[in-house]
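Working notes, structure below.
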Amino acid sequence: MDFPDYLPFSMLNQLEYCPRRFWLMFVCGEMEVNATVLEGQYQHEQVHTGGITCEVDVLIHRRVYLWSDRLRVAGFADVVEEREGMWIPVEYKHGRMGRWLNDHIQLCAQALCLEERTGRRVERGAIFYWKSRRRLWVEITPELRARTEAAVAQAFALLESGAIPPPIDHPARCRDCSLEPVCLPREVRYLRSDEIRP
């Protein structure tokens, strides 16, 4: 398998949610386009229009390309705000805040890239959830930084292994996953358990 030069931020989000989902999307190119996905794409188009604007002492940069040569990750930040001498990445998400940290990992990767590009420390970022219409502030803590770097290492290790990960055993995540009909987690787990039965 050819290794990518840089891993997209969005794939770290997928990996943190489920390693098999990451593999299906990044390696196999699987994507279920449904009403939810289309609505999210439309919302992102709205966010990305406008270039650079200024709103009450905040300079807003839209669709900013960022990358880290150290981590080998890259992609577009939806918004980067300049506020009181600080850089603040802002990620827009379609739904409500979930119970998982995958959105936080994606945001932190953007913060790490901003630091590498500007030489200035990024202390926090934000995630705006369209359904709840609220912004969640996220502190870029040492723990979140370490978890993000671990996710990057895990992604490249999975690609190096050349093998699709097994399905996770997490009914709530599988139920909410748009790739569940492609992944077939219950069926694959059943077949694998049958293979090892005496």
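How would you rank Ile164, Ile88, going from fewest to most other Cβ atoms within 10 Å of each one's own Cβ?
Working: Ile164 16, Ile88 23.
With the fewest neighbours first, Ile164, Ile88 line up as Ile164, Ile88.
Quick one: what are the phi-derived ³J(HN,Hα) couplings along the stretch 90-104, Karplus 6.51/-1.76/1.60 with θ = phi - 60°, whole Hz, x for glycine and proline?
Couplings: 10, 9, 9, 10, 5, x, 9, 4, x, 8, 10, 9, 4, 5, 5 Hz.
Looking at the stretch 7-166 only, what percent of DSSP beta bridges run antiparallel? Nearest 5 please.
On the way: 25 of 31 bridges.
Restricted to the stretch 7-166, the bridges split so that about 80 percent are antiparallel.
Calculate, for Glu30 and Ser132, the FRET efficiency according to 1/(1 + (r/R0)^6) with r their C-beta to C-beta distance and R0 30 Å; round to the nearest 0.05. Each step should come with its number before you reach the end.
Working: r = 28 Å, r/R0 = 0.94.
Here the calculated transfer efficiency is 0.60.
For the chain, set up a Gaussian network in which alpha carbons nearer than 10 Å are linked by springs, and say which option among Glu91, Glu149, Glu180 fluctuates the most.
For the chain, modelled as a Gaussian network with Cα springs under 10 Å, the answer is Glu180.
Working only with C-alpha atoms, what are the Rg and Dmax values of the stretch 57-132, expressed in angstrom?
Both quantities, over Cα of the stretch 57-132: 12.2, 35 Å.
Can you compute the charge dipole magnitude of the stretch 7-166 about its Cα centre, using +1 on each Lys and Arg Cβ and -1 on each Asp and Glu Cβ, nothing else charged? Give it in debye, rounded to the nearest 20.
On the way: 20 positive and 21 negative charges, 62 e Å.
The dipole magnitude comes to about 300 debye.
Taking the Cα-to-Cβ direction at Ala172 and at Arg186 and moving 7 Å from each Cα, how far apart do the two end points lie in nm?
For the pair Ala172/Arg186, the computed spacing is 1.9 nm.
In the Gaussian network model of the chain, springs joining C-alpha atoms below 10 Å, which of Glu84, Glu115, Glu123 carries the largest mean-square fluctuation?
Glu84
So what's the back-of-envelope 222 nm ellipticity for the chain, counting only DSSP H runs of four-plus at -39500 (n - 2.57) apiece and dividing by all residues, rounded to 500?
Details: 8 runs with 89 residues, N = 198.
Mean residue ellipticity, 222 nm, calculated: -13500 deg cm²/dmol.
Considering Cα pairs under 8 angstrom that are at least six residues apart, work out the relative contact order of the stretch 7-166 and quote it in whole percent. Don't jump to the answer; show the numbers that get you there.
Details: 261 pairs, mean separation 36.0, N = 160.
That works out to 22 percent.
Bear in mind these aren't lab numbers, they're just calculated from the coordinates by the rules spelled out. Keep in mind that this is a model prediction, so the values were computed, not measured. Neighbour counts run over all protein chains shown; Cβ positions are idealised from the backbone, glycine included.
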